[in-house]
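The values are calculated or read from the model by the stated rules, or taken from the named source; none is laboratory data. Not measured: the values here are computed from a predicted model. Here the Cβ positions follow ideal geometry from the backbone for every residue, glycine too, while neighbour counts run over all protein chains shown.
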Ligand SMILES: [Zn+2]
């Protein structure tokens, strides 16, 4: 099922087996816009590594087969982690190539996303926390 011009439902469903999918209103429009931007810059789209997570999957450590996410992760779709949240508003994107990564960070940032870079695992996290009234920021994973 297409969710937008270039994104499909299966890319965002929770990977624990529950298949859960709920995106915060406005999130996907901004992600499609970021995708259009990075495609114009590089000719490459966005490969989604992680979208929606149920709270159980998010909170289960990676060593036990879970996502091992932040306790208040914006990936969680079935339990509001922040006031006003109504679904997932975060995505982890594959970003191994350095030049592509720079373009992706630019595309996400200019479309309002907060950006985190996980160098060890080669992905860029983008989230639309600004839709919840939280300030746009960048961070790393230590
Ligand atoms: Zn799940």
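Key figures
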{"quantity": "Which numbered condition residue 107 fails, given (1) buried (at least 18 other Cβ atoms within 10 Å of the Cβ); (2) under 15 Å from the mean Cα position of the chain (by Cα); (3) under 23 Å from residue 22 (Cβ atoms)", "calculated": "(3)"}
{"quantity": "In region 3-30, the residues that are farther than 17 Å from residue 93 by Cα and crowded, with 20+ Cβ neighbours inside 10 Å", "calculated": "20, 24"}
{"quantity": "Any hit, region 82-94, residues being within 15 Å of the chain's Cα centre (by Cα) and within 14 Å of the ligand (Cβ to nearest atom)", "calculated": "yes"}
{"quantity": "Residues (out of contact with any strand residue (DSSP E or B) (no Cβ under 6 Å at 6 or more places or on another chain) and at pLDDT below 95) located in region 119-142", "calculated": "119, 120, 121, 122, 142"}
{"quantity": "Residue match in region 52-73 (condition: surrounded by 19 or more Cβ atoms within 10 Å (Cβ to Cβ), under 29 Å from residue 106 (Cβ atoms) and away from the ligand (no atom under 15 Å from the Cβ))", "calculated": "no"}
{"quantity": "Test result for residue 62, without any contact (Cβ under 8 Å) to a residue 12 or more places away in the chain and over 23 Å from residue 141 (Cα atoms)", "calculated": "no"}
{"quantity": "Residues that are touching a helix residue (DSSP H, G or I) at 6+ places or on another chain (Cβ under 9 Å), closer than 24 Å to residue 104 by Cβ and not in a helix (DSSP H, G or I), drawn from region 12-48", "calculated": "14, 15, 21, 23, 24, 25, 26, 44, 45, 46, 47, 48"}
{"quantity": "Verdict on residue 47 being crowded, with 16+ Cβ neighbours inside 10 Å, without any contact (Cβ under 8 Å) to a residue 60 or more places away in the chain and within 19 Å of residue 12 (Cα to Cα)", "calculated": "no"}
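Conditions (1) without any contact (Cβ under 8 Å) to a residue 24 or more places away in the chain; (2) within 22 Å of residue 134 (Cβ to Cβ), marked per residue:
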position: 35; (1), (2): no, no
position: 67; (1), (2): no, yes
position: 83; (1), (2): no, yes
position: 97; (1), (2): yes, no
position: 107; (1), (2): no, yes
position: 111; (1), (2): no, yes
position: 120; (1), (2): yes, no
